[in-house]
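The values are calculated or read from the model by the stated rules, or taken from the named source; none is laboratory data. Only a predicted model underlies this, so the values are computations on that prediction, with no experimental measurement involved. Here the Cβ positions follow ideal geometry from the backbone for every residue, glycine too, while neighbour counts run over all protein chains shown.
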Amino acid sequence: MRHFILAIFVLTAPGRLVAETGYAAWLRYAPIDAAVRERYDTLPANVVALGDSIVIKTAQAELIRGVRGMLGRTLRAEATLPKESAIVLGTFAALKPYASTTSLPTSLKEDGFLLKSTAVNGLPCLLIAAPNDRGILYGVFALLSKMARHESVTGLNDVQQPYAPIRWVNQWDNLDGSIERGYTGRSIFFENGSVRADLTRAGDYARLLASLGINGCTINNVNADPRILTDDFLPQLARIAEVFRPWGVALSISVDLGSPRAIGGLETFDPQDARVGAWWGRKVEEIYQRIPDFGGFVVKADSEGRFGPSTYGRTHADAANMLARALKLHGGVVFYRAFVYNHHLDWRDPKNDRAKAAYDNFHPLDGKFDDNAIVQIKNGPIDFQVREPASPLFGGLRRTNEAIELQITQEYTGQQRHLCFLPPAWKEVLDFDLHAGGSSTPVKDLAAGRTFHRPMGGFVGVANVGMDTNWLGHPLAMANLYGFGRLAWDPNLSARAIAEEWTRLTFGNDPAVVRTITAMQLASWHIYESYTGPLGAGALTDILGSHYGPGIESSERNGWGQWHRADHEGIGMDRTVATGTGFVAQYTAPVAKLYESAGGTPDELLLFFHHVTYTHELHSGKTVIQHIYDSHYEGAEQAEELTRQWSSLKDQVDEERYAAVRARLDYQAGHAIVWRDAVCNWFFRISGIADARGRVGHYPNRIEAEAMQLQGYVPFDVTPPENASGGKAIECSGQAQRCEATFRFDRPAGWYDLDVEYFDQNNGESRFRLFVGDQKVDEWAANDHLPATKPGGDSSTRRRITGLALRPGDQIHIEGIPDGGERAPIDYVEIRAK
Ligand code: GCW
């Protein structure tokens, strides 16, 4: 793999922009231009590692690698202080003999570090010191990051420490190599039921994580396969731990509470049964024999069909503590997920509310969890929707460790096909004051364990890196992984600072590049929200299938509890105490007061807390329905604007990444229109209230495919109808090998662009050709990998054909050649004058 990657690093522009795959992410160590390089002339020529642990050796090697890349110099690796200036890497303990010459902040927490320009043994040195080896590694990454961002590294005196001890990622990889909510290739850990033979990617992933200060990684799906605990699997896990170890990343696994019965030969998994406790004790013992630095377990229980303590009438604390006790002997921890809810809720009962579940389940257990158990709480009370309020459970646990679970995986936010930089969304929750006692109790402090002085706490990010070369599919999506890591280290960083850092490291320091990409990233969450889900109603996505395209009614009239309760008069979940589900009462009084009244609730969360009529007036002065229309039109326009912003960087970004991003943004701009039209038309139909600006339902430049002259093609109804223009599309009939749709161009002569909206399913690769008269002007294949096997909101996509000279009377025809289950389906053609 490595060789392959190196081989595709080819020069594209003379001496300047080297094509990049994105594999290096933010650790490119790109050569620094001569003018700036002078800034680093005083950097010593030696790097001394005082110690020989694998982590400190890794730190030394990483520093050499980074400096080599950026300055073209190879530092000398030393094990003792030379008689000249050096970069010195050492723990406080190792530096003790030199303590008289330099003062160390010995109260620094584990993993913190000091970067200091100082004299050691009378020689000017750059000291990278820390309480533990991992802190040294983090210090090295911090120094290299400064250099990559062209910051000065002279006169340093920089002390940094993490906000919380827990900074983990959870991968949801399955043992067969698939990834739950994975959008970018197969698992880097597993293949066909075993751990991969080649773990190069796993090691490189650990390096990326370490560069952000992430110190733990859970490698398998929380919907855990019990086989991960079988005897033949443990040595395989040890192999992954081995590639993590140099980077100070602790391996952990998700476990199935039913394991003692599934693979342990017991007929029970009752957490109060001594045989069950003993089984876990032995299992944990075996794991630590092979993996002495094993991190611990993550548990999803009694949720979405998983086994749990309820089978035996036991509590979540009983189950968590059973595992915690087994792990405690070895210094391990258990993360017990608060994502527990009944997915067979009766939707007819207006008092039922999934949002209440986490608090209802866990608040009564506060104080009952062992000290090495951590309740892992999703940021919001539902499930990673585009916008949710902070989960009240963060404030509801005072004598229990907690961690916040954020989703780097863009499950409900465009699946790494749409740009959606999430740190601004996360910041809203992290900074939200839950008034949980004391003067200021933002979620970040509660989760970190600071508010109630918990021994443990922190941040967990759900990630889905896969085998695709650039890890997350969309090159700009890596900013979410970066952003999670940076916020886990320091939640007080601004989203802007994070976006800017990431851009510099990933695309270089050109001011236009930094300005443009930072602005795009910062705007993207709001843009995505604007065309997919208004006013906190939740994502209006297909919750029963892909979680991707529009599926406005999919959340209604079923037990999943993601209801928005839109009907012909109004929309929103009434969660008030006075008239609704009472969810608001889970917040403390000052917060509850805010959300209890529609007037007090900010517009962007209105429909999360209140059911209002479509004519309800928002703080913004608009009615709800007009807001829905306007925001969807604005969002789609802004998505188009993103493509223009990106195009302005054509000559400043290497061709390969430029093209990859460009393709995703073009697709996004088209899909934003699909979303816009689906949502607006659905609400128009149900409310009967017209768009004051006359856009919804009127598409004067659109020619519906079903209105064209058809040969071999037949019209059909798309379900749900709002997911295709006019509710209909065309596809090749049964046996047809080649079909044609023709229309007559009837506008003034001029230059035009044509957008052909068609459906690209993943069960065939249809081909299309477009002719003006007899002249073929374009052809393409429907070969994207969208999450759909039928025409609809997930598969709808467009081909843009620009710069056509069209004359009135021109016959334009599209030829479709179906393939497999994909019958070359087409929705419409949009004609746009230049
Ligand atoms: O959002 C839902 C996802 C499931 C996931 C679950 C969870 C791992 O759709 O795929 O299961 O959340 O967080 O447990």
Review point. Within the set of pairs 6+ apart or on separate chains, which have a first residue in the stretch 411-438 that is closer than 19 Å to T797 by Cβ, a second that is among the hydrophobic types (A, V, I, L, M, F, W, C) and away from the ligand (no atom under 16 Å from the Cβ), and C-beta atoms under 6 Å apart?
Key: Q416/L472; Q416/A477; L419/L476; C420/W525
Revision key, fill the gap. Reported set for the stretch 231-257 where residues are more than 16 Å from the ligand (Cβ to nearest atom) and small (G, A, S) is A238, A241, G248, A250
Practice item. Assess whether A447 counts as being among the small types (G, A, S), out of contact with any Leu (no Cβ under 6 Å at 6 or more places or on another chain) and within 16 Å of the ligand (Cβ to nearest atom). Key: no
Revision key, fill the gap. For the stretch 172-192, pairs from a residue that is over 19 Å from D204 (Cα atoms) to a residue that is within 15 Å of the ligand (Cβ to nearest atom) and part of a strand (DSSP E or B), with Cβ under 9 Å and 6 or more apart or across chains, are N174/N220; L175/N220; E180/W172; E180/D173; R181/W172; R181/Q407; R181/V462
Check your understanding: Which of the residues that make up the stretch 416-471 are crowded, with 19+ Cβ neighbours inside 10 Å and of a type in the set (K, R)?
Key -> R417, K427, K444, R454
Review point. For the stretch 575-615, which residues satisfy the criterion of being touching a Leu at 6+ places or on another chain (Cβ under 9 Å), in a loop (DSSP other than H, G, I, E, B) and closer than 15 Å to A355 by Cα?
Key: Y587
Review point. Which of the residues belonging to the stretch 269-306 are in contact (Cβ under 8 Å) with a residue 40 or more places away in the chain, more than 16 Å from the ligand (Cβ to nearest atom) and in contact with a Leu (Cβ under 7 Å, 6 or more places away or on another chain)?
Key: F269, V276, W280, K283, V284, E286, I287, R290, I291, F294, G295, G296
Revision key, fill the gap. Scanning the stretch 596-629 residue by residue, those crowded, with 17+ Cβ neighbours inside 10 Å and out of contact with any helix residue (DSSP H, G or I) (no Cβ under 9 Å at 6 or more places or on another chain) turn out to be H611, T623, Q626
Exercise for review: Considering only the stretch 258-275, state which residues are assigned to a helix (DSSP H, G or I) and farther than 14 Å from L229 by Cα.
Suggested key: A274, R275
Review point. Tally time: how many residues in the stretch 135-178 are over 29 Å from G66 (Cα atoms) and away from the ligand (no atom under 16 Å from the Cβ)?
Key: 1
**Study point:** Checking A425 against (1) within 17 Å of Y163 (Cβ to Cβ); (2) part of a helix (DSSP H, G or I); (3) within 16 Å of the ligand (Cβ to nearest atom), the condition it does not meet
**Key:** (1)
Check your understanding: Taking the stated definitions as given, is R181 away from the ligand (no atom under 16 Å from the Cβ) and not small (G, A, S)?
Key -> no
Exercise for review: Restrict the check to the stretch 646-653 and report whether at least one residue is under 22 Å from T469 (Cα atoms), within 23 Å of the chain's Cα centre (by Cα) and part of a helix (DSSP H, G or I).
Suggested key: yes
Revision key, fill the gap. Of the listed residues (R565, R575, R557), the one being closer than 28 Å to E304 by Cα and loosely packed, with under 15 Cβ neighbours inside 10 Å is R557
Check your understanding: Restricting the search to the stretch 218-230, which residues are surrounded by fewer than 24 Cβ atoms within 10 Å (Cβ to Cβ), away from the ligand (no atom under 16 Å from the Cβ) and not polar (S, T, N, Q)?
Key -> R227
Study note, to complete from the structure: When the stretch 498-532 is checked residue by residue, the ones that are small (G, A, S) and in contact with a helix residue (DSSP H, G or I) (Cβ under 6 Å, 6 or more places away or on another chain) are A499, S530
Review point. In contact with a strand residue (DSSP E or B) (Cβ under 9 Å, 6 or more places away or on another chain) and under 22 Å from P491 (Cα atoms) - does that describe any residue in the stretch 179-191?
Key: no
**Study point:** Residues located in the stretch 26-38, provided they are surrounded by 19 or more Cβ atoms within 10 Å (Cβ to Cβ) and over 13 Å from R504 (Cβ atoms)
**Key:** none
Exercise for review: Could you check, for the stretch 316-335, whether at least one of its residues is farther than 27 Å from S187 by Cα, within 16 Å of the ligand (Cβ to nearest atom) and under 21 Å from the mean Cα position of the chain (by Cα)?
Suggested key: no
Study note, to complete from the structure: In the stretch 538-596, anything within 30 Å of E180 (Cβ to Cβ), aliphatic (A, V, I, L, M) and touching a residue at least 60 places away in the same chain (Cβ under 8 Å) is listed as A539, L540, I552, A566, M573
Practice item. Looking at (1) away from the ligand (no atom under 16 Å from the Cβ); (2) assigned to a loop (DSSP other than H, G, I, E, B); (3) touching a residue at least 12 places away in the same chain (Cβ under 8 Å), find the lone condition where R348 falls short. Key: (3)
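Rundown of residues vs (1) within 18 Å of G549 (Cβ to Cβ); (2) in contact with a helix residue (DSSP H, G or I) (Cβ under 7 Å, 6 or more places away or on another chain); (3) part of a helix (DSSP H, G or I); (4) without any contact (Cβ under 8 Å) to a residue 24 or more places away in the chain, yes/no style:
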position: A659; (1), (2), (3), (4): no, no, yes, yes
position: A663; (1), (2), (3), (4): no, no, yes, yes
position: Y667; (1), (2), (3), (4): yes, no, yes, no
position: A672; (1), (2), (3), (4): yes, yes, yes, no
position: W675; (1), (2), (3), (4): yes, yes, yes, no
position: A678; (1), (2), (3), (4): yes, yes, yes, no
position: I689; (1), (2), (3), (4): no, yes, no, no
position: G697; (1), (2), (3), (4): no, yes, no, yes
Review point. Restricting the search to the stretch 709-719, which residues are touching a Phe, Trp or Tyr at 6+ places or on another chain (Cβ under 8 Å) and either of a type in the set (D, E, K, R) or in contact (Cβ under 8 Å) with a residue 40 or more places away in the chain (or both)?
Key: none
Point to revise | Among residues of the stretch 367-418, those that are assigned to a strand (DSSP E or B) and within 12 Å of the ligand (Cβ to nearest atom), counted | key: 6
Review point. Would you say I64 is out of contact with any helix residue (DSSP H, G or I) (no Cβ under 8 Å at 6 or more places or on another chain), of a type in the set (A, V, I, L, M) and under 29 Å from F244 (Cα atoms)?
Key: yes
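To keep it simple, each residue is scored yes or no on (1) modelled with pLDDT under 95; (2) closer than 30 Å to V696 by Cβ; (3) under 39 Å from the mean Cα position of the chain (by Cα); (4) assigned to a strand (DSSP E or B).
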| residue | (1), (2), (3), (4) |
| --- | --- |
| E740 | no, no, no, yes |
| F771 | no, no, no, yes |
| G793 | no, yes, yes, no |
| R799 | no, yes, yes, yes |
